[in-house]
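Heads up: the structure comes next, in structure tokens.
FYI, it's all coordinate maths here, none of it is from the lab. Note that the structure is a prediction, hence the values are computed from the model and not measured. Cβ placement follows ideal geometry from the backbone for every residue including glycine, while neighbour counts extend to all protein chains displayed.
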Amino acid sequence: MLPWVHWLQPILVLLSSVFWTWGENCPATCLCPDPHTVDCSGRGLTRLPEEIPLDVRRLLLADNWIPRIPSDFLVLYSDLVYLDLRNNSLSYIEPGTLSTSSRLVFLDLGSNNLTEIPKGTFGESRSLIKLRLGNNPYLSMVSEDAFLGLTSLRELELERNALSTLKVGALSQLPSLRVVRLEGNPWVCNCNFTNLFEWLMENHHKLPNGVEGMECSLPMDGRRVSLTQLSKDSFRECQATLTLTDLLIIIFSGISVSVVAIMTSFFLASTVHCFQRWSKGTKGDEEESEE
């Protein structure tokens with residue numbers, strides 16, 4: 001036997017034991033190319049796989065039929081940094097489900113059936129850098145505080161969803177945001193779109209295709225126009241438009257003023273009436289005294 005084979009044997013034994021351990025810890029039907037990666041992509045799964053190693057860092061679950069994530073699923077996987085759930089059947093993420101993933105850097109929830117992103121969905125995942133939420137055809141509502149606490153988020157994808165409006169606060173609360181994708185949504189160019197339009201004009205450098213890649217429909221005839229054809233003057237009438245809240249305040253103020261006026265008139269009338277009666281009584285007493 002060659003001399004170099006003697007010192008190579010222990011290394012081969014060690015490597016074989018490591019590979020054997022990987023195979024033992026890997027979930028059935030999935031692949032584990034390295035000790036910290038579990039790849040279950042395209043396996044026709046209808047639920048999350050069991051027996052995922054606790055020290056997993058990259059979990060790939062794309063192209064399956066998974067309908068939900070248990071709210072306590074990520075409690076045990078504190079080392080997870082990369083989670084790919086693209087192209088599944090997710091319709092809702094319970095608030096707090098992802099908040100325990102303190103090291104999560106990449107999260108892909110694109111091409112699912114999500115309908116809304118409520119406040120608290122991501123907790124305060126301060127390590128999250130890239131978040132993909134595009135290609136959810138039923139996603140029509142994103143809470144203004146949906147991304148609150150994501151202080152490290154640099155890339156946000158919300159393209160090709162069902163968003164007709166979006167609160168500017170959802171974007172302005174992301175101090176590290178560098179790239180945002182919003183094209184392909186059915187934006188409506190009404191007064192609710194004014195603030196978002198102004199934000200997009202000021203932050204057009206964060207859009208991969210600029211505002212040229214975005215369109216919105218006119219509220220009167222539904223015609224689609226590019227945002228490049230609009231300006232702040234296009235929304236000038238919105239500055240004088242009263243919202244429902246404004247109208248309620250005006251109505252309430254009018255009613256309050258009327259009630260106060262009526263009560264004041266009643267009080268003054270009562271005072272005058274009492275004064276007149278007092279005057280008559282005093283005059284009568286004086287006449288009786290003279291007699």
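Within region 177-195, what residues put their amide N at less than 20 Å from the label point 7 Å along the Cα-to-Cβ vector of residue 231? Under 20 Å, as judged by backbone N against the label point of residue 231, lie 189-191, 193-195 of region 177-195. Length available on full extension from residue 102 to residue 271: 0.36 nm per residue minus the Cα-Cα distance, which gives 53.7 nm. Take the Cβ atoms of residue 28 and residue 89, set R0 to 22 Å, and the FRET efficiency comes out at 0.60. Applying a DSSP loop filter and a limit of 15 other Cβ atoms within 10 Å to the GluC sites (Glu not before Pro) in region 53-146 leaves 124, 144. Ordered from longest to shortest, the equivalent ellipsoid semi-axes for region 68-197 are 24, 16, 12 Å, each the square root of 5 times a Cα gyration tensor eigenvalue.
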